[in-house]
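Here is the structure we will look at, set down as structure tokens.
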Amino acid sequence: MNQWIAVGALALMGVGIPLGMIAVSSLIRPSVPEQGKSSTYESGEIPTKSAIGIQFNIQYYMVALLFVVFDIETVLLFPWTVIYQPALESGVGLMTLLFPMLVFIGVLVIGLVWAWRQGAVKWARSEAATRRKTEHNS
Amino acid sequence: MVVYPDWAALAPALALAVTGLVLLLIDSVDPDDSRPGLLAGTAVVGTLVSLGYAGWFLASGTGQVDGGTGAISLYRDALVVDGMALFFQAVFAVVTALVCIASYDYLKERAYQAEFYSLVMFAATGMAVMATANSLATAFIALELASLPSYALVAFLKHNRGSVEASLKYFLIGALSSAVFAFGISLVYAATGSLLLADVASALSALDGGLTGVAAIGVLMVAGGFAFKTASVPFHFWAPEAYEGAPAPISAFLSSASKAAGFAVLFRVFTTAFPLDAAGVDWMLLFQVLAVVTMTLGNFAAATQETVKRMLAYSSIGHAGYALIGLAAWSGGAPGSVENGAVLGASMAHLLVYGFMNTGAFLFVALAEQWDVGRTFEDYAGLGSRAPMASVAMTVFMFSLAGVPPFGGFFSKLFLFAGAVDAGFWWLAAVGVVNSTLSLYYYSRVVKALWVDDPVGEFELGGTPTGLYVAVVFAAVGTLLLLPGFAPVIETAQSVAAALVP
């Protein structure tokens, strides 16, 4: 027997079970149409606005991007700190051990300094946004 | 004699990376871009240093087989510096230098100049690493490093809807093909258990039937990822949009350097990692079909265009088809044999010549955009008498792109088609010749517009931008000098191509 048949059977079951459940429940459940059920969240609250057209302040993205960069840096830095001491003791030179990480961090620091100088982390106040907010609250 | 450490062999790529970082530092000190000359100068010097290193290494035999050190493997074979890598790095450096010189004028009075140059440098770094990538993982990372700055650069004119739309299309197709490429890599890894090209090759040869299908699908998907970067069918849709919407120097950069980078990594991966008899799929047949379809589609579409930039974009797809012949006619004979190197080397030499003539042609379009004369063939009418020097250069590019005898493009195509005939694929060469003949029609339309047609209305040219002129003329001189200087180029290219498979 071909082993791929097992994979095919799994796929068949995976698709079949949910489809079957939907089909069976639609056959046996009572149908009570009601307006509240077709609302977006069906939570008792009536949605006031559409989600389309809401704009985020672009500055969140700048901060988030910088965060991601240094988040990834931590991922790479952490295993390095763990092996640092044992590697040093077993005779790996400081140059091969420390220097590449300094270069790596140096590259990121240049990027951070650049972003800082460009005002990426300076929170600029937008007149339009402030106006919208006060209108909304009042 | 001084003994250099092994990593010094990466100098051409490192020079570009350091230049990009230095540009960021300059921009940190002076965020207002008040000294555009300094930024352009730094970028040009950086690319020239990179070119110098690549040329020096090529001349002194670093990483080469005959009379040199042999290929230098770095970081557990993740990167390899050999003749082919250096050859392509020289191409990237030349194109990047031309683009940076031309951008000085193009970017005048625009914001974010430092960002522009540093993004160009980082993309060029990615390309230089692509040429040295010896593992599928580094190939992927380098490809992304080259692609991501390109998306931003295409959208550089951010208040121009065409530029932004082009960038979005480029990004979406790029993301799709990256996904296909990564999936292909994972399938190859599943079948072979390695990402290093040499190990993949040996594992494929030892594969015992069961996983051949998986490996074959992986190989096809990897080919798809490279087809995006080289703007070949079936991932060519982004090219006309991106080249037309992007700032013209960036169109030049993408269609010359980025395409050459795609070919560099395509050549290395397919010749070293996927042996023809064991890859599970006859990829030579695949590339024969792709080459024919790509060049025919590119040339026919180019013939129907009304705007010069879009015509050049489609012609760039056509040239990807010619360059694919290098792999399509790669006979897979004895390792390192002359026949194998001949057609692959001819394809590499064609990419070098193409780097000059196509960059030059797009920079002429940049010049025309700077003068604001319009975009269609008719709008170029009468430019010959107004700007004779640039028009002569453009004429050289057009005839060279078409492959008319007294220009560099003729020799590279001649060697390419002759190589295909020698390898036994006369029909590939025949299709190439027919396509070249067709291409003469639309290239000569530009020349006719420049010199013969009378201008539709009166127009004023706004001065002569020095940087753009220098770049255009330099590209033209390069195209012409490759005529007497073609012998060393083709010899280098063919010997490094023959050395590709150990």
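Points to keep in mind about this one:
- With Cα atoms, 0 to 90° folded angle of helix B:212-229 axis to chain B main axis: 20 degrees
- Cα-based shape type of the range B:42-143, given that a ≥ b ≥ c are square roots of the gyration tensor eigenvalues and the cut on a/c is 1.5: oblate
- Magnitude of the charge dipole, the range B:283-502, Cβ model with Lys/Arg +1 and Asp/Glu -1, debye to 20: 320 debye
- FRET efficiency, B:THR437 to A:ILE110 (Cβ-Cβ, R0 30 Å, nearest 0.05): 0.05
- Shown in residue order for the range B:159-171 are the 3J(HN,Hα) couplings computed by the Karplus curve 6.51 cos²θ - 1.76 cosθ + 1.60 at θ = phi - 60°: 9, 9, 4, x, 5, 5, 4, 4, 5, 5, 4, 4, 5 Hz (x for Gly and Pro).
- When B:SER439, A:SER26 are sorted by how many other C-beta atoms sit within 10 angstrom of their C-beta, beginning with the fewest, the order is A:SER26, B:SER439.
- Other-chain or far-sequence residues with amide H under 5 Å of A:GLN118's (modelled H): none
- Helix A:127-137 and the longest principal axis of the C-alpha atoms of chain A enclose an angle of approximately 40°.
- For the range B:11-55 and the range B:60-132, distance of Cα centres in Å: 13 Å
- Low-density loop positions, chymotrypsin sites (Phe, Trp or Tyr not before Pro), the range A:29-80 - DSSP coil, at most 14 other Cβ in 10 Å: A:TYR41, A:PHE56
- Measuring between alpha carbons in the structure, the pairs from B:LYS259/B:LYS448; B:LYS169/B:LYS448; B:LYS108/B:LYS448; B:LYS169/B:LYS229 lying more than 25 angstrom apart are B:LYS259/B:LYS448; B:LYS169/B:LYS448; B:LYS108/B:LYS448.
- Maximal additional length on extending the A:ALA51-A:GLU73 stretch stands at 4.5 nm, based on 0.36 nm per residue less the C-alpha distance.
- Centre-to-centre, using Cα atoms only, the range B:208-284 and the range A:56-100 are separated by 33 Å.
- Other residues within the sphere of radius under 9 Å centred on the Cβ of B:LEU196, judged by their own Cβ, net out at -1 (K and R +1, D and E -1).
- Mean Cα-pair separation over length for the range B:385-502, i.e. relative contact order, pairs under 8 Å, 6 or more apart, %: 37 percent
- Here's the picture: a label point sits 7 Å out from the Cα of A:ALA124 along the beta-carbon direction, and within the range B:18-45 the residues with their amide nitrogen under 15 Å of it are B:31-33.
- Where labels lie 7 Å past Cα in the beta-carbon direction, separation of B:SER186 and A:VAL32 in nm: 4.5 nm
- Most to least packed among B:374-380, B:359-365, A:101-107, B:415-421 [average Cβ atoms within 10 Å]: B:359-365, B:415-421, B:374-380, A:101-107
- Overall form of the range B:392-486: oblate. Here a/c, set by the Cα gyration tensor axes a ≥ b ≥ c, is 1.5 or more, and a/b is not larger than b/c.
- Across chain B, the relative contact order, built from alpha-carbon pairs under 8 Å that are at least six residues apart, equals 15 percent.
- Panel order for B:TRP238, B:TRP7, by other beta carbons found within 10 Å of each beta carbon, from fewest to most: B:TRP7, B:TRP238.
- Candidate cross-link partners of A:LYS37 among the lysines, defined by an alpha-carbon separation under 21 Å and a same-chain spacing of 8 or more, comprise A:LYS49.
- Translational diffusion of the range B:2-60, µm² s⁻¹ [Kirkwood Rh, Cα pairs; Stokes-Einstein; 25 °C; 0.890 mPa s]: 196 µm²/s
- P(r) tail for the protein assembly as shown: Cα pairs beyond 37 Å make up 41% of the total.
- The modelled label-to-label distance for the pair A:ALA11/B:ASP454, using points 7 Å beyond Cα in the direction of Cβ, is 6.8 nm.
- Scattering from chain B was approximated by placing one identical point on each alpha carbon and applying the Debye formula without solvent; log10 I(q)/I(0) at 0.09 1/Å stands at -0.56.
- Placing a pseudo-label 7 Å from each Cα along the Cα-to-Cβ vector at B:LYS158 and B:THR464 gives an inter-label distance of 3.6 nm.
- Ordering of B:189-197, B:157-165 by packing [mean C-beta count within 10 Å, highest first]: B:189-197, B:157-165
- Residue order for B:ARG35, B:ARG445, fewest other beta carbons within 10 angstrom first, comes to B:ARG35, B:ARG445.
- Between helix B:113-132 and chain B: long-axis angle, C-alpha atoms, 0 to 90°, nearest 10: 30 degrees
Every read-out reported here was derived from the displayed coordinates using simple, explicitly stated rules and does not represent laboratory data. If you're wondering where the values come from, they're calculated on a predicted model, not measured in any experiment. Glycine gets a Cβ as well: all are built from the backbone with ideal geometry, and neighbour counts include every protein chain shown.
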